[in-house]
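For reference, the structure discussed in these notes is given below.
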Amino acid sequence: MVKKKPQKKAAVQHISEPTNLYDRIEPVLRVWAWIAIVWMIYRYFFRFSEWTDEFVFKPLVFAAPVIWYVLKKEKRRLDSIGITFTNFYTSLYIGLGFGFVFALEGLAANVMKYGKIQIRPIGAFDQNGMIGLLILSLATAVTEEILNRGFIFSRLYEKMKNLPASAILSGCLFVGLHVPILVTALHLQGVTLVLFFVTTFILGVVNALLFANTGSLVAPILIHIFWNMTVALYL
């Protein structure tokens, strides 16, 4: 009986990362661009209630594609985008502390704008009250942090290997996602518009740095809530 020669094992092919920086981060930018385009089209052509925006369409446009991409495309777990209870209490305390700082920043911006502390809440406050506005802020914070810190920042950081650069770039992309609401709803002008862009960018960078240190979305979400409430009441 002729013995069959053992077949040689096929060499394992290792797919190396592209050496060019843009090629490495391009998939992340592509996901951001598609989401930004869909969100811009939605904000421009449709006018639903803020509750519908925050609890239906924003989760569908911001969070659902990211979760699908992570689970199906990357085949990774959700804790890779900060959906985890690891470091929960540490993240909680950090989020509350930095959230208070952002509230003070809002007061300072209010004084810069009006020359004194003057509360001029947006229309959503009159319609929904403090509790309703807080619930809306929570919904906004969860979906936006899943996209912007959980996915965009974390993947840029993995590819770029540079924390400050990743935080700054993701902060700019975060600001870009707020352009549609400026055009379609808020209509901010002058000093208020500048303050909105500056504080939004600072929020993005700070939350990115905190996410890099905690690996959890808890602190970024809490800070985001404080920031939303600050904008609603003071800017």
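Residues are listed down the side, and each one gets a yes or a no for (1) over 13 Å from Phe151 (Cβ atoms); (2) touching a residue at least 12 places away in the same chain (Cβ under 8 Å):
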residue: Ile35; (1), (2): no, yes
residue: Arg43; (1), (2): yes, yes
residue: Phe48; (1), (2): yes, no
residue: Glu54; (1), (2): yes, yes
residue: Val66; (1), (2): no, yes
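Mind counting the residues in segment 35-50 that are closer than 19 Å to Thr140 by Cα and part of a helix (DSSP H, G or I)?
Of all residues in segment 35-50, those closer than 19 Å to Thr140 by Cα come to 35-44, 46-50.
Next, only the ones that are part of a helix (DSSP H, G or I) stay: 35-44, 50.
The qualifying residues number 11.
From the residues in segment 123-168 that are modelled with pLDDT of 95 or more and hydroxyl-bearing (Ser, Thr, Tyr), which one is surrounded by the most Cβ atoms within 10 Å (Cβ to Cβ)?
Filtering first and then ranking leaves Ser166.
Can Gly97 be described as of a type in the set (Gly, Ala, Ser) and crowded, with 18+ Cβ neighbours inside 10 Å?
Working: of a type in the set (Gly, Ala, Ser): yes; crowded, with 18+ Cβ neighbours inside 10 Å: no.
No; evaluated as a whole, the condition is false for this residue.
How many residues does segment 45-67 hold that are among the aromatic types (Phe, Trp, Tyr) and in contact with a Ser or Thr (Cβ under 6 Å, 6 or more places away or on another chain)?
Taking segment 45-67 and keeping what is among the aromatic types (Phe, Trp, Tyr), we get 45-46, 48, 51, 55, 57, 62.
If we keep only those that are in contact with a Ser or Thr (Cβ under 6 Å, 6 or more places away or on another chain) too, we end up with 62.
Number satisfying all stated conditions: 1.
Among the residues of segment 169-203, which ones are modelled with pLDDT of 95 or more and surrounded by 19 or more Cβ atoms within 10 Å (Cβ to Cβ)? Reasoning before the result, please.
Of the residues in segment 169-203, the ones modelled with pLDDT of 95 or more are 169-174.
Passing the criteria: Leu169, Ser170, Gly171, Leu173, Phe174.
Looking only at segment 205-219, which residues are outside any loop (DSSP other than H, G, I, E, B) and buried (at least 24 other Cβ atoms within 10 Å of the Cβ)? Before the answer, list the steps.
The first filter runs over segment 205-219 and keeps only residues outside any loop (DSSP other than H, G, I, E, B), leaving 205-214, 218-219.
Result: Asn207, Ala208, Phe211, Val218, Ala219.
Mind counting the residues in segment 43-94 that are hydroxyl-bearing (Ser, Thr, Tyr) and within 18 Å of the chain's Cα centre (by Cα)? Before you say what the answer is, go through the steps one by one.
Restricting attention to segment 43-94, the residues satisfying the condition of being hydroxyl-bearing (Ser, Thr, Tyr) are 44, 49, 52, 69, 80, 84, 86, 89-91, 93.
Applying the additional criterion that residues be within 18 Å of the chain's Cα centre (by Cα) yields 69, 80, 84, 91.
Of the residues in that region, 4 qualify.
Taking segment 44-58 as the region of interest, how many residues are out of contact with any Phe, Trp or Tyr (no Cβ under 9 Å at 6 or more places or on another chain) and crowded, with 17+ Cβ neighbours inside 10 Å?
2
Say we look at segment 25-41 and pick out the residues that are surrounded by 15 or more Cβ atoms within 10 Å (Cβ to Cβ), out of contact with any Lys or Arg (no Cβ under 9 Å at 6 or more places or on another chain) and within 14 Å of Ile181 (Cα to Cα); which of these is modelled with the lowest pLDDT?
Within segment 25-41, the match that is modelled with the lowest pLDDT is Met40.
The values are calculated or read from the model by the stated rules, or taken from the named source; none is laboratory data. No experiment lies behind these values; they were computed from the predicted model shown. Here Cβ is always computed from backbone atoms with ideal geometry, including for glycine, and neighbour counts include all displayed protein chains.
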